[in-house]
Each structure stands twice: as C-alpha cells, then as structure tokens.
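Q: Handing you a structure now.
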Amino acid sequence: MEAFSLAIAFLVIFFTISFFAFRNASSSVDSNLPPGGSGWPIVGETLDFMVNPEKFISDRMKKHSPDIFRTNFLGEKIVIICGPNGHKFLFSNEDKHFTAYVPKAMQKLFLSTQVQNSDKVLSNDEMKLPRFLAFFLKPEALINYVAGMDSIIQKQLKTHLEGKAEVKMYTFCRSITLTLACRFFLGLENPERIAKLVGQFDKVTHGIHNLPLNIPGTAFHYAVRAAGVIRKELTDVIAEKRARVVSGTPTQDVCTSMVVEGMSDEDIKQLEISKSKQAEELLCWGDMQRMKYSWAVVCESMRVIPPVLGTFREAKTDFSYGGFTVPKGWKVFWTVNTTQRNPEYFREPYKFDPSRFMEGDGMPLYTFVPFGGGPRMCPGKEYARFVILAFIHNLVKKFKWEVVDPNEKVLGGMMPYPEKGLPVRLHPRYD
C-alpha cells in the first residue's frame, strides 16, 4: 500500500512539474507562430493524431487555418503545411529552408546503433542516395529488368494463386512486393529465407506508426525486435556477398554492387534498388509505355487511399509562410490528404474514376503528389511503377475476380490497410 501511495505521489509531482514547465515554455512562444495548439504536457496531441491522422488534420484546418497550423506530437513541435500552395512552397525550398528528418521512433527501427545513440541530425547529403545507386532507379536502367520482374511475378501467381478459390489479396501483394525486393536488391533465391524477411517486415510496418513505446506487448516493441532480426539477416547477406566478391564469383544484384563500391554495412542495409539478368523475352519497356489506362487505375487508387499519409522535414532556418513565422529546428509535416480527396481540386472526390488521369484531363499542379515532389521526390517511383504494372498485367491476363466484402473497412492512418486482408474470389480466365 505504501508503494502504491508513493507511485501516485510521484505521478502527481511529475505531471505538476511538467504542466508548469509546459505552460512557461508556451508563454514565451513567438506571437507570430502559426495558429494551433500543443495538447497535453509531454504527449502533446500524439494520441489524437495516431487514432485518425486524416480527421486530426482536417479538423484543425477548419479550426485554425487551411494553409498552415502548429501542433505537437511524437515529442516534437510541428507545423503542418496544407494544400497545393503548401506543397509547392515545400518542394521548391527543400535545400533553402528544409532538411531531411526521420522521427526518433523510426530511427530506432531503421538506422544504425551509432545514429540511434547520438543526438546528431542527419544532413541532406547523408540522406541522399549515392550517385551510382540513384542511376539504377532511373527508367533507362530499369528497362533492363522488366523481363526479370515479369518472370518472377508469373511464377508467384502460379505458386500462390492458381487453383485457389479465394485469397487475401492484400497479404499476397505485400508478399510478392517484398519477394521482388529480396530478389533484385539482395539476390536472395531461398524461399524460406525470403519468407522470414517478409514476416519480420510485416511486424515493422505494423508498429512503425504506433506510439513509440518499447514496452513488451506493444506493436512498437514487436517492431523493434523484428527490425533487429532484419538487420541480423542483412548483415549475414552482406558477409556472403563480400565472400563471393573476394572469391571471384559475385552475383548480379544491387547488394553486390554496393559491396564492390566499398559502402559500409549500415549504408547497404538502408538503401534499395533493383538489378537482374534478363533470362528470356517477356514484358519489355514498350509494353510498359502502352499500359496507360492501367497506370491511370493505379493513380486513382493512390488518390483515393494514399499508401502513405505524408512525410517529415526539419526547418534549417526560420522561414515565413502564410503570414506566419516558423522557427529553425521545428519539424514540418506535409500530407497528401489535404488535396487528393478535396472537392476543390477533384470532382466527386470519393468516386473512383481513373479517367481523370488520362491524357487531356489535367488537374491543378501539386494536388496529386503520392510520391512527393522536388529534389526529394521518392527515388523508387519508377521502380514501383514497373512492378505494379507488371503485376496488374499478369493478374488480369490470368484471372477474373470479385471482392468478397465490398464494404470492407480500411484501417490505419499513416499506412492504410484493409481490415480483413482484402479477400477475393478468383476465377481462372483460361481453363
């Protein structure tokens, strides 16, 4: 009983001190900051943001400003820049006002132990892809890998879908995406080894945007453990690649290329790219270029349900936007949802209509930005396009299907996912 009383007393004192420290800090804030709030002491508005990020942002845009507002979550002072003008301002001033920022919770999952244990902020140069690696992600390099992607996808469809009456398509799509990454980036062929990495990656993605509480039983705790398993596996892969390079029998994959270039183990683990040998004539670059309607369907899917809500930056200088001033060191968050489902920019925004992305049907600039923009546009955009189109081509060629539950809910905020895994009934197109 005495221990319980001491614990209660400690909590009361802790939150009392936190409250007054928080209040005093708030009283000295520059009066020209964007409108908004800071929420509770210590946790800020983290809980509200995590429960429903889209509602969190839309409610505050209505309450404070449709252009910019301030908040506090994940232990950081944050401003959220909204709308196409906000996107344009951020993308156009990446090197002038902003630097890359990775929330500390994500650093624990993805970055090396040395970075995790330091207070160092990663610079723009450290966050950029090496020049030779960036080249592999360009269309002129990726065209050599189309047939390899096509071959692997065909084998995966045959192994996992043929003869099945019903499958969870979301689960299968995640598996095939990571299988392709393991094959092209790491040169892995062993199905059991690939399955191990896929399973651990699922745990990481599930915990990445949960509260960063590394306590047994929490999603983040499982994510931290899974990230450790992945790092160990990648360390083993890198050692194997080094040994094969020394023995004169290097494999054809990006990991080997980075070993040859002399990059550190930690750098290799954080970067991805595709490289494969073309074994036979399958899909080619010209086929990809003709899949315009398929890509319009993909774009409309990303517009209605963006695969990622947004990303972070850090202000490297004081900057002004929308008549307000944001101090150096504050974090900046931009999100696609302030434009992509906004009726001001997209007619009938909740109607699925791929035709809006066909040629001749333009849309305002900076309203559709699923891959970001400016110098920090997602470097894997073309790789993703190639993989998605090759997958759709083979799926449509082999199957017809119907969704088991058309009203299935989409859960999650930062990285949405279907509640039941998107079960579909498959019907072979050719018997």
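The values are calculated or read from the model by the stated rules, or taken from the named source; none is laboratory data. Since the model is a prediction, treat every value here as computed from it, not as a measurement. Quick reminder, even Gly has a Cβ in these numbers, built from the backbone with ideal geometry, and neighbours come from all protein chains shown. Heads up: the accessible areas ignore ligands, DNA and RNA and are worked out on the full protein's heavy atoms, side chains in. Shrake-Rupley method; radii C 1.70, N 1.55, O 1.52, S 1.80 Å.
Q: Which Rg and Dmax, in Å, describe the Cα atoms of region 136-187?
A: 12.7, 39
Q: For the full complex of protein chains and a 1.4 angstrom probe, list 378, 299 by accessible area with the highest value first. Show your work: numbers first, answer last.
A: On the way: 378 55, 299 10 Å².
I get 378, 299, largest accessible area first.
Q: Separate question: Do the alpha carbons of any pairs in 62/88; 104/232; 55/77 sit beyond 23 Å of each other, and which pairs?
A: Those over the limit do not exist; all pairs fall within it.
Q: Grab the other residues whose beta carbon is less than 12 angstrom from that of residue 202, score K and R as +1, D and E as -1, and report the net.
A: Neighbourhood net charge equals +3.
Q: Using the beta-carbon distance between residue 353 and residue 308 and R0 = 25 Å, what value does 1/(1 + (r/R0)^6) give for FRET efficiency, to the nearest 0.05?
A: Between residue 353 and residue 308 the formula returns 0.70.
Q: Can you check what the net charge comes to around residue 81, using other residues whose Cβ is under 12 Å from the Cβ of residue 81 (Lys, Arg +1; Asp, Glu -1)?
A: My count for the surroundings of residue 81 gives +3.
Q: Using label points projected 7 Å from each Cα along Cα→Cβ, tell me how many nm separate residue 297 and residue 415, to one decimal.
A: Inter-label distance under the simple model: 2.5 nm.
Q: Give me the net charge for the shell around residue 108: Cβ to Cβ below 12 angstrom, other residues only, Lys and Arg +1, Asp and Glu -1.
A: Local charge sum for residue 108: +3.
Q: For region 332-375, which trypsin sites (Lys or Arg not before Pro) are in a loop by DSSP, counting at most 12 other Cβ atoms within 10 Å?
A: On the way: sites: 341, 347, 351, 356; in loops: 341, 347, 351.
Sparse-neighbourhood loop trypsin sites (Lys or Arg not before Pro): 347, 351.
Q: Could you pull out the pairs from 203/292; 108/381; 203/316 whose alpha carbons sit more than 28 Å apart here?
A: Check vs 28 Å cut-off fails for 203/292; 203/316.
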